[in-house]
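Asks: Next up is a structure, given as structure tokens.
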Amino acid sequence: MVQVAKHILKSEFIAATASTSKVEEVLRIGANKVVDYKTTDFINALEGNKFDFILDSVGEGDKCLALLAEDGKYVQLTGAAVTDPRATFLFHGGKTHYYEKLSPYLASGKIKPIIHEVVPFSEYKRAIELAESGGTMGKIVMEVAP
């Protein structure tokens, strides 16, 4: 999402959260500030900032709304729905128009998919363990045919 904020939304300032091992990578792909959520509360680290757009992928609605500008937009991907007129709950699934919007950025290399590992389908249990570990940076891709 950092790459989308930078290249498509043309955001001037991008703040993100990441675990300790992922902070440098998130900075590398374009975030201006990364808060290590393992050691720092993001509300305290970003206090004084008001954001025009917040994408919440972990369900921290009330905390995020405290950082949202009065006319900002909050998009929530998971968790209990927030009842605030600035909030939208977005179920991300096979929406073709999102892929059509991203396609030119992917083709030009401005946005690069981050793949943690390609795992053969025969090792699906290991792929699930990887996904559940929280220690990956990027997506785990299942290879179903050689």
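The values are calculated or read from the model by the stated rules, or taken from the named source; none is laboratory data. These figures come from a predicted structure and were not determined experimentally. Using ideal geometry, Cβ is built from the backbone for each residue, glycine included, and neighbour counts are taken over all protein chains shown. Areas reflect the complete protein model, heavy atoms only, side chains present, ligands, DNA and RNA absent. Shrake-Rupley method; radii C 1.70, N 1.55, O 1.52, S 1.80 Å.
Asks: Is at least one residue of segment 26-33 small (G, A, S) and modelled with pLDDT under 90?
Replies: No, segment 26-33 contains no residue that is small (G, A, S) and modelled with pLDDT under 90.
Asks: Here's another thing I want to ask about it. Can you tell me which residue among L106, L130 is touching a Pro at 6+ places or on another chain (Cβ under 8 Å), surrounded by 12 or more Cβ atoms within 10 Å (Cβ to Cβ) and of a type outside the set (D, E, K, R)?
Replies: None of the others qualify; the one that does is L106.
Asks: Of the residues K10, K38, K22, which is among the basic types (K, R), open to solvent by less than 90 Å² (accessible area, probe 1.4 Å), outside any strand (DSSP E or B) and out of contact with any Lys or Arg (no Cβ under 6 Å at 6 or more places or on another chain)?
Replies: K22
Asks: For segment 54-70, which residues satisfy the criterion of being part of a strand (DSSP E or B) and either closer than 25 Å to G134 by Cβ or of a type in the set (D, E, K, R) (or both)?
Replies: I54, L55, D56, E70, listed by residue number.
Asks: Assess whether T88 counts as being of a type in the set (S, T, N, Q), part of a strand (DSSP E or B), out of contact with any helix residue (DSSP H, G or I) (no Cβ under 8 Å at 6 or more places or on another chain) and open to solvent by less than 90 Å² (accessible area, probe 1.4 Å).
Replies: yes
Asks: Determine whether L55 is at pLDDT 85 or above, over 23 Å from K10 (Cβ atoms) and in contact with a strand residue (DSSP E or B) (Cβ under 7 Å, 6 or more places away or on another chain). Before the answer, list the steps.
Replies: Values: at pLDDT 85 or above: yes; over 23 Å from K10 (Cβ atoms): no; in contact with a strand residue (DSSP E or B) (Cβ under 7 Å, 6 or more places away or on another chain): yes.
No; evaluated as a whole, the condition is false for this residue.
Asks: Right, here's the next one. Taking K73, is it under 15 Å from A5 (Cβ atoms) and open to solvent by 60 Å² or more (accessible area, probe 1.4 Å)? Give the derivation first.
Replies: Details: under 15 Å from A5 (Cβ atoms): yes; open to solvent by 60 Å² or more (accessible area, probe 1.4 Å): yes.
In short, yes.
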